[in-house]
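Worksheet: one structure, shown below.
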Amino acid sequence: LRKIRRQCWRLLSFSQMEAGPLRLDRLRIWIPKLLAGVIEQIDYDNLKSLVFDVDVQGEIPELYADEDLLKILFAALLENSMRVSPEGGSVSITISDDLDMIIVKVADEGPGVTSLQADIIFDVSKQLVEFENMNVEEIGVGLPMAKHIVEAHGGKIWLFRDEEQGRSGIGFSLRKWF
């Protein structure tokens with residue numbers, strides 16, 4: 001029942017994001033602290049003995065952002081990594097400062113994405129077309145929501161693959177003074 005409620009809430013939230021520009025309630029936020037709070041709220045029944053490794057690189061300044069939306073963003077990315085990670089795996093989160101942006105990368109030991117998935121992963125309408133063509137098994141709104149949130153904060157979101165580490169994931173940037 002909890003999963004159904006969460007999915008209904010996500011669909012409602014996503015439809016509101018699609019309806020028009022997001023209204024941001026900006027506060028001064030320190031990303032490492034916000035992330036720690038999100039990790040504490042994770043549903044530990046679904047953890048699969050995962051380890052979360054947070055690497056804060058250097059001094060990370062506060063930024064002006066919408067706290068609630070950033071919690072949704074981190075929850076979506078962490079849940080995605082939890083879903084695809086193997087039992088006993090790890091999820092690494094790297095936070096760094098780059099000029100006027102904060103850069104965050106969430107990487108896991110999952111299988112990564114196919115080229116088809118990469119083309120549609122952040123776009124529900126493309127997912128619907130591929131679902132109807134039976135090229136994908138499910139439609140997800142978590143990553144399209146993440147894209148809306150990042151872009152509303154003046155940032156970008158992308159997929160990456162670290163061949164050396166055998167990890168793939170999602171990176172995003174958030175503008176410090178937006």
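Going by the conditions given, is R26 under 22 Å from K156 (Cα atoms), open to solvent by 70 Å² or more (accessible area, probe 1.4 Å) and modelled with pLDDT under 95? Yes: the conditions hold for R26.
Among the residues of segment 77-127, the one identified as over 19 Å from D53 (Cβ atoms), in contact (Cβ under 8 Å) with a residue 60 or more places away in the chain and in a helix (DSSP H, G or I) is V124. Taken over segment 101-117, the residue count meeting the criterion of being modelled with pLDDT under 80 and open to solvent by less than 60 Å² (accessible area, probe 1.4 Å) is 1.
Would you say P61 is open to solvent by 50 Å² or more (accessible area, probe 1.4 Å), part of a loop (DSSP other than H, G, I, E, B) and not acidic (D, E)? In short, no.
The values are calculated or read from the model by the stated rules, or taken from the named source; none is laboratory data. The model shown is predicted, which means the values in this text are computed figures rather than measured ones. All Cβ positions, glycine included, derive from the backbone under ideal geometry; neighbour counts span all protein chains shown. Surface areas here come from the heavy atoms of the whole protein model, side chains and all, with no ligands, DNA or RNA. Shrake-Rupley method; radii C 1.70, N 1.55, O 1.52, S 1.80 Å.
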